[in-house]
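Here the structure is laid out as structure tokens; the discussion comes afterwards.
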Amino acid sequence: MSSGQGRVDVEIESKRAQEPPTGGGDHPNTCPGCGSHYRDDELTQTLRVCPQCGHHFPVRARERVEQLADPGSFAEEDGDLRSADPLEFFDLRPYTERLAEAELATGLGDAIVCGRAEIDAAECRLAVMDFAFMGGSMGSVVGEKFARACDSAAAAGVPLVSVTASGGARMQEGILALMQLPKTICAIEELQDSGGALLSVLTHPTTGGVLASYASLGDVVLAEPGALMSFAGPRVVAQTTREKLPDDFGLAESNYRYGHLDAIVPRGELRPVLARLLRLFGSG
């Protein structure tokens, strides 16, 4: 290739974990916003939100269910579903090995937890994603469990509350993962045709195929402050377009400004806001 023209710079990022810091290092619960340190029990009391600067730490799926649902009201559905490996996918390790490792690390069968619940005595169905399970990627099981949650909500005549945290479609399942986009969209359409409603809550990060499918199709779309919600991350977009992006590119605040969201709701207010919406949409 001739010098200068048509050349594309490609960054190769190391996949190795960073070396642990020496000389004290960072506390595992260090706030990236203000540098404050917290114990696990302190963050649990504040719903994993920094009381100094308001930074929203990630929340695991089962902890999110505890934050939202009335005590003892959640009953998980379809928790026995597991992903197969029809493509016999192998990168650095077999896909089956990665699935087993993720299940052992998280205690989950896949990247979403679904079930019946009540929020302030208002019945609903919950579908909560967990980014810790393979980056919250959507494979065939995630799509199937979400579609079943839509069917369950429609049959019960109650709204579905979806909480997303995902890096997108699961590459190890190829076209089978991409097929979950139209599948989940059709499931939402059937839910809405039955008179039901989807309340979608986007948390950090919600990207790729999940954002391009069911996460954006709620009758009401909410987001937590500072959540990244874009099809591709800002670094990828900047490298592709070769343009400097705004500091808030892809964040909830930017999306709200352009009308892609109905509201930005801090985590401490999310449960009462959802309870009001459930009473509104469930009244019919």
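Of the accessible area of the chain, computed with a 1.4 Å probe over protein heavy atoms only, carbon and sulfur atoms account for 54 percent. Measuring with a 1.4 angstrom probe and ignoring ligands and nucleic acids, residue 158 comes out at about 10 Å² accessible. Of the residues 56, 27, 204, ranked by 1.4 Å probe accessible area with the largest first, the sequence reads 204, 27, 56. On the principal axes of its alpha-carbon atoms, the stretch 108-166 has extents of 32, 22, 15 Å, going from largest to smallest.
A Förster radius of 51 Å, combined with the Cβ-Cβ distance separating residue 39 from residue 85, puts the computed FRET efficiency at roughly 0.80. With the convex hull drawn over the C-alpha atoms of the stretch 83-188, the volume per residue is 93 Å³. Between helix 95-106 and the chain there is an angle of about 60 degrees, using the helix long axis and the longest principal axis of the Cα atoms. Heavy-atom accessible area with a 1.4 Å probe sorts 194, 166, largest first, into 194, 166. Shape index of the stretch 118-246: Rg/Rh, with Rg the Cα radius of gyration and Rh the Kirkwood radius from the inverse mean 1/r over Cα pairs, equals 1.00.
Excluding the site residues themselves, the longest part of the chain lacking any chymotrypsin sites (Phe, Trp or Tyr not before Pro) in a DSSP loop with at most 16 other Cβ atoms within 10 Å is 90-230. Among the trypsin sites (Lys or Arg not before Pro) in the stretch 162-242, those located in a DSSP loop and surrounded by at most 16 other Cβ atoms within 10 Å of their own Cβ are 242. Within the stretch 48-89, the proportion of Cα pairs with more than 16 Å between them is 62 percent. Out of 238, 165, 69, any idea which swings most in a Gaussian network model of the chain, alpha carbons joined below 10 Å? Maximum among the listed residues: 238. Could you work out how far helix 140-156 tilts from the main Cα principal axis of the chain, as a 0 to 90 degree angle to the nearest 10? It is inclined by approximately 20 degrees.
Would you calculate a helix-derived [θ] at 222 nm for the chain, using -39,500 (n - 2.57) for each DSSP H run of n ≥ 4 and dividing by the full residue count, to the nearest 500? Mind showing how you got there, number by number?
On the way: 10 runs with 95 residues, N = 284.
Taking each H run of at least 4 residues, the total per residue is -9500 deg cm²/dmol.
Across every direction, the projection of the convex hull enclosing the Cα atoms of the chain has a mean area of 18.1 nm². Between the helical axis of 267-282 and the longest alpha-carbon principal axis of the chain there is an angle of about 40 degrees. For the set 93, 82, the ranking by accessible area, highest first and with no ligand, DNA or RNA atoms included, is 82, 93 under a 1.4 Å probe. Taking the chain as a whole, the Cys residues whose C-beta sits 4.7 Å or farther from every other Cys C-beta are 114, 124, 150, 186.
The values are calculated or read from the model by the stated rules, or taken from the named source; none is laboratory data. Model, not experiment: these values are computed from the prediction. Glycine also receives a Cβ, built like all others from the backbone with ideal geometry; neighbour counts cover every protein chain displayed. Quick note on the areas: whole protein, heavy atoms, side chains included, nothing else; ligands and nucleic acids left out. Shrake-Rupley method; radii C 1.70, N 1.55, O 1.52, S 1.80 Å.
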